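Chemist: My questions will all concern the structure given below.
The values are calculated or read from the model by the stated rules, or taken from the named source; none is laboratory data. Not measured: the values here are computed from a predicted model. Here the Cβ positions follow ideal geometry from the backbone for every residue, glycine too, while neighbour counts run over all protein chains shown.
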Amino acid sequence: MTAGTPDAGHGGPLGRPAPGPAGGPAVYVQDLCKSFRVFRHRPGALGAVRSLVDRSSHEVRAVDGVSFTIQRGEMVGCVGPNGAGKSTTIKMLTGILHPSAGRVEVLGLSPQRRRKEVARHIGVVFGQRTQLWWDLPLIESLDLLRYVYRVPEATFERNLATFRQLLDLDLFLSTPVRQLSLGQRMRGDLAAALLHDPEILYLDEPTIGLDVVAKHRIRDFLRRINRERGVTVLLTTHDMADVEQLCSRLLIIDQGKVLYDGGLAEIRDRLGRERTLVVDLAEDGGALEGPLSVPHACEVRADGPRRWLRFSRDDTTAADLITAVASRYRLRDLTIEEPEIEAIVRRIYEAGLDSSSPAGSQGSTIE
Amino acid sequence: MRVYLEIGKRAFQRELVYRTKNLAGLFTNACFGYLRAVPLLAAFEARGDIAGYNLQDALTWNWTVQALIMVVGLWGGWEVADTIRSGDVVSDLSKPFSFLGFWLARDYGRAIYYLLFRALPVVLIGQLLFGLRWPHHAITWAALAVSLALAVSIGFAFRFMLNLAAFWTTDARGVGGLGLIASTFLSGFLIPLAFFPDWLRPVVQALPFAGIVQTPADVFLERVTGWALMGALGQQALWAALLLGAAQGLVVIATRRVVVQGG
């Protein structure tokens with residue numbers, strides 16, 4: 001952590017040589033909290049009247065003590081179930097939402113106090129929303145951004161030309177946005193978020209609702225702008241393939257807390273200790289009654305001659321298991337399924353980090 | 001400033017897309033302009049002048065207020081509330097411009113469209129059907145331009161604040177509807193403010209709503225001239241500044257407690 005100076009989170013923190021867009025990490029978040037008051041709605045007409053007089057409410061902690069730092073040029077994937085607090089966190093990073101407690105710094109500035117200044121250095125895409133003018137041709141929205149961000153004409157033209165090519169915009173540049181497909185609109189929104197050369201790009205579910213081809217195209221583009229233009233990217237998603245293909249670092253957030261912050265490979269190694277051996281029995285598998293019996297593994301699924309055996313790295317190795325199975329049954333074919341990151345994350349959502357990890361040392365990777 | 005000009009330009013362009021909608025609205029305005037003219041004809045035949053209005057003044061007032069409905073957004077417009085409700089507001093709030101300025105610029109673009117493609121045709125229809133009173137002095141046109149610009153600002157600021165209610169309630173239209181009924185009545189749209197009873201007239205004439213419809217109509221009718229004209233424009237300017245200031249204050253409060261719908 002590089003920005004641990006205890007000031008109020010605005011202006012340039014003490015002790016850092018070059019505050020502002022010049023130096024420091026891209027994003028610095030410490031003990032960030034956001035609570036909302038949620039008013040209870042009583043059912044029925046009478047309940048509605050009662051609610052007017054007696055507005056009982058409770059506090060919901062959407063973000064509950066989140067800390068992380070993102071260095072410039074990183075590409076970080078943030079996952080978590082619906083309502084985990086991902087979007088709320090991003091909204092605090094843009095300055096739209098004000099934290100209830102804790103500190104946010106973007107390029108060394110408080111996005112709340114210096115909203116306009118920070119806005120010039122960030123690009124935001126909210127996958128379920130659009131910043132494009134619905135009724136006007138796409139180019140009108142893009143052209144407006146030149147004035148919104150005061151982009152020099154040469155820079156603007158160059159960027160527009162780049163994105164037209166990378167995102168293949170020419171086909172629908174003069175089509176009203178309301179007539180664009182979701183994939184086209186997303187490409188338009190991505191271009192719109194990047195025309196002013198932001199240092200940081202926040203993407204809130206950028207691939208939501210897109211088909212496979214469109215997703216692939218968007219990921220390709222994001223990889224390029226991260227590598228070639230050095231844009232720091234923080235993306236939230238429900239699609240683990242986004243993270244696997246783009247990010248080397250993963251943030252898992254649930255119930256407003258950071259459950260995991262670290263490398264993708266590490267979490268696979270740490271939590272993905274269970275693998276599955278899939279075997280095809282040589283003789284008619286149907287003749288074999290009941291599950292296969294092998295030490296250190298249990299059959300989790302059967303489909304005729306094909307059987308799935310789950311085993312843990314802690315108990316046995318793949319080689320030993322294969323030997324054991326082969327000595328008892330005649331095999332025609334076998335494969336080993338690596339744990340999918342999706343399954344790992346799902347288990348973390350369901351059971352928390354500790355219970356998924358035998359040597360559970362929660363938080364060791366969180367800052 | 002250029003950015004607000006460009007925003008206004010796009011708001012104007014955007015209205016151009018809905019030409020059919022405007023044509024339908026124009027037809028409605030013309031119908032109501034005619035329908036409301038009929039009782040005026042009867043009343044003035046029976047009574048002669050009323051509160052300094054002769055028949056032609058009254059008819060001109062009638063067609064002017066019809067023409068202004070869309071220009072000053074008398075009956076609302078819930079786009080701001082809609083973006084708050086849908087959550088799209090986050091895009092506008094994450095831009096390096098003033099949220100109020102963004103919407104004000106959009107409203108001016110919209111207003112100019114409706115001035116050209118709604119107000120002008122409505123007044124011309126009124127002229128063809130009844131023959132209106134046109135300004136006698138060239139300076140009136142300049143004063144009218146200023147008065148209209150201020151009327152748009154006042155109408156916008158009022159509506160904008162009603163829209164911001166969407167930050168607190170999921171149904172801003174409900175709250176706003178009441179406000180719009182008040183402004184319809186108090187702006188001089190239903191009857192000229194001069195027709196109000198003596199005890200009420202000074203009050204309604206001092207309220208900001210007078211600056212939305214009655215003042216531009218008075219300027220066009222040359223019912224206020226010289227110092228009175230300056231006073232009327234000054235009152236409009238004062239209300240415009242106060243309401244825009246209040247709206248900006250409300251933006252600050254609202255965004256501090258913003259709850260973005262839909263996570």
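Chemist: Looking only at region A:120-154, which residues are of a type in the set (D, E, K, R), more than 7 Å from chain B (Cβ to nearest Cβ) and under 27 Å from B:Tyr18 (Cα atoms)? Full working, then the answer.
Modeler: We begin by selecting, within region A:120-154, every residue of a type in the set (D, E, K, R); these are A:120, A:129, A:135, A:140, A:143, A:146, A:150, A:153.
Within this subset, residues satisfying the condition of being more than 7 Å from chain B (Cβ to nearest Cβ) are A:143, A:146, A:150, A:153.
Across region A:120-154, the qualifying residues are A:Asp143, A:Arg146.
Chemist: Now, a different point. Every residue in region A:90-101 that is closer than 17 Å to A:Pro206 by Cα and in contact with a Gly (Cβ under 9 Å, 6 or more places away or on another chain), please.
Modeler: If the condition is that a residue be closer than 17 Å to A:Pro206 by Cα and in contact with a Gly (Cβ under 9 Å, 6 or more places away or on another chain), then no residue fits.
Chemist: How many residues, within region B:1-43, are loosely packed, with under 11 Cβ neighbours inside 10 Å, over 20 Å from the mean Cα position of the chain (by Cα) and within 13 Å of chain A (Cβ to nearest Cβ)?
Modeler: So the answer is 3.
Chemist: In region B:74-94, how many residues are under 24 Å from A:Leu97 (Cα atoms), outside any helix (DSSP H, G or I) and in contact (Cβ under 8 Å) with a residue 12 or more places away in the chain? Walk me through how you get there before you give the answer.
Modeler: Residues of region B:74-94 under 24 Å from A:Leu97 (Cα atoms): B:78-94.
Now narrow it down to the ones that are outside any helix (DSSP H, G or I): B:78, B:87-88, B:94.
If we keep only those that are in contact (Cβ under 8 Å) with a residue 12 or more places away in the chain too, we end up with B:78, B:87.
Number of matching residues: 2.
Chemist: Please determine whether any residue of region B:95-114 is over 18 Å from B:Gln236 (Cβ atoms), within 14 Å of chain A (Cβ to nearest Cβ), in a helix (DSSP H, G or I) and without any contact (Cβ under 8 Å) to a residue 60 or more places away in the chain.
Modeler: yes
Chemist: Another one. Please state which one of B:Ala46, B:Ala81 is among the aliphatic types (A, V, I, L, M) and within 24 Å of the chain's Cα centre (by Cα).
Modeler: B:Ala81 is the lone residue from the list that is among the aliphatic types (A, V, I, L, M) and within 24 Å of the chain's Cα centre (by Cα).
Chemist: Another one. Answer with yes or no whether A:Val76 is aliphatic (A, V, I, L, M), more than 12 Å from chain B (Cβ to nearest Cβ), part of a strand (DSSP E or B) and surrounded by fewer than 24 Cβ atoms within 10 Å (Cβ to Cβ).
Modeler: yes
Chemist: What residue, of A:Leu171, A:Leu190, A:Leu160, is under 25 Å from the mean Cα position of the chain (by Cα), part of a helix (DSSP H, G or I), more than 17 Å from B:Val89 (Cα to Cα) and more than 10 Å from chain B (Cβ to nearest Cβ)?
Modeler: Result: A:Leu190 is the single residue among A:Leu171, A:Leu190, A:Leu160 that is under 25 Å from the mean Cα position of the chain (by Cα), part of a helix (DSSP H, G or I), more than 17 Å from B:Val89 (Cα to Cα) and more than 10 Å from chain B (Cβ to nearest Cβ).
Chemist: Within region A:128-150, work out how many residues are at pLDDT 95 or above and of a type in the set (Val, Ile, Thr).
Modeler: 2
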